[in-house]
Amino acid sequence: METRVAVLAILAESFNSAEQINTLLHDFGPYIVGRMGLPYRERNVNVISIVIDAPPDKINALAGKLGRIEGVTAKAVYSNVITTH
């Protein structure tokens, strides 16, 4: 199985989306290397960074599912290194 390391940038502008985000991140937990979340209260947005090591289709699936949550934007940035497990 080929995997890549990527960083998912998640911007959550709705506090009601937290449960849906956390459920998805839990579902993809085996691939997640680390997570950092910062509440930017002055702008009413939560910024979440996820480091993930997974097959590209899994990374795309997670980004797509996150992006379909109301008030959430998610984008992935990929490493050029492909690893075979």
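Some values worked out for this structure:
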read-out: Unmet requirement for VAL77, which otherwise passes all of (1) in a strand (DSSP E or B); (2) modelled with pLDDT under 95; value: (2)
read-out: Search result, residues across the stretch 21-47 that are among the β-branched types (Val, Ile, Thr) and in a helix (DSSP H, G or I); value: ILE21, THR23
read-out: Search result, residues across the stretch 14-38 that are over 16 Å from ASN60 (Cβ atoms), loosely packed, with under 14 Cβ neighbours inside 10 Å and either touching a residue at least 40 places away in the same chain (Cβ under 8 Å) or of a type in the set (Asp, Glu) (or both); value: ASN16, GLU19
read-out: Search result, residues across the stretch 39-69 that are buried (at least 16 other Cβ atoms within 10 Å of the Cβ), of a type in the set (Val, Ile, Thr) and over 9 Å from the mean Cα position of the chain (by Cα); value: VAL45, ILE69
read-out: Residue within the stretch 52-69 that is in contact with a helix residue (DSSP H, G or I) (Cβ under 7 Å, 6 or more places away or on another chain) and part of a loop (DSSP other than H, G, I, E, B) present; value: yes
read-out: One residue from TYR40, TYR78, TYR31 being in contact with an Asp or Glu (Cβ under 8 Å, 6 or more places away or on another chain) and aromatic (Phe, Trp, Tyr); value: TYR31
read-out: Among (1) at pLDDT below 95; (2) closer than 23 Å to MET1 by Cα - the single one ARG41 does not satisfy; value: (2)
read-out: Given (1) out of contact with any Phe, Trp or Tyr (no Cβ under 6 Å at 6 or more places or on another chain); (2) surrounded by 13 or more Cβ atoms within 10 Å (Cβ to Cβ), index of the condition ALA6 fails; value: (1)
read-out: Selection from the stretch 70-85 of residues that are in contact (Cβ under 8 Å) with a residue 12 or more places away in the chain and surrounded by fewer than 17 Cβ atoms within 10 Å (Cβ to Cβ); value: GLU70, GLY71, THR73, LYS75, VAL77, TYR78, SER79, VAL81, ILE82, THR83, THR84, HIS85
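The values are calculated or read from the model by the stated rules, or taken from the named source; none is laboratory data. Only a predicted model underlies this, so the values are computations on that prediction, with no experimental measurement involved. Virtual Cβ from ideal backbone geometry, glycine too; neighbours counted across all protein chains shown.
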